[in-house]
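Here is the structure we will look at, set down as structure tokens.
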Amino acid sequence: MSARIKPTVNNIISLWFSVDTPLRQYKIKLNPEIWGACQAINQDFTPSSSRKPVEQYKKNDKVAFARAVQEQLERSKAY
């Protein structure tokens, strides 16, 4: 089973916002560039709903987070 994932919105949401399980840890280990981008974005990300705990993010907050991660990944590819 391959745990390399494409950086789609749904995959990023699943990786960052899901419950911590051994499978999730395995995916994090195999996708360090996506995980690193998630961590970088999380430091400065402010959701539009102004909800601070990640557990309270609305769907549109999660989508905005994932799109910011995608942009971060694109910027890192450019260098």
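Values for this structure:
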quantity	calculated
Among the candidates Ala64, Ala68, residue that is open to solvent by less than 90 Å² (accessible area, probe 1.4 Å), out of contact with any helix residue (DSSP H, G or I) (no Cβ under 9 Å at 6 or more places or on another chain) and assigned to a helix (DSSP H, G or I)	Ala64
Selection from region 5-33 of residues that are among the polar types (S, T, N, Q) and in a helix (DSSP H, G or I)	Asn10, Asn11, Ser14, Gln25
Restricting region 1-16 to residues that are of a type in the set (A, V, I, L, M, F, W, C) and either touching a His at 6+ places or on another chain (Cβ under 7 Å) or at pLDDT 95 or above (or both), the residue that is surrounded by the fewest Cβ atoms within 10 Å (Cβ to Cβ)	Val9
Matching residues in region 34-61 - criterion: being part of a helix (DSSP H, G or I), open to solvent by 50 Å² or more (accessible area, probe 1.4 Å) and among the charged types (D, E, K, R)	Asp44, Glu55, Lys59
Count - residues of region 33-79 that are of a type in the set (Lys, Arg) and in contact (Cβ under 8 Å) with a residue 24 or more places away in the chain	2
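The values are calculated or read from the model by the stated rules, or taken from the named source; none is laboratory data. Please read all numbers here as calculations on a predicted model, not as lab measurements. Here Cβ is always computed from backbone atoms with ideal geometry, including for glycine, and neighbour counts include all displayed protein chains. Just so you know, the surface numbers come from the protein's heavy atoms only, side chains and all, with ligands and any DNA or RNA stripped out. Shrake-Rupley method; radii C 1.70, N 1.55, O 1.52, S 1.80 Å.
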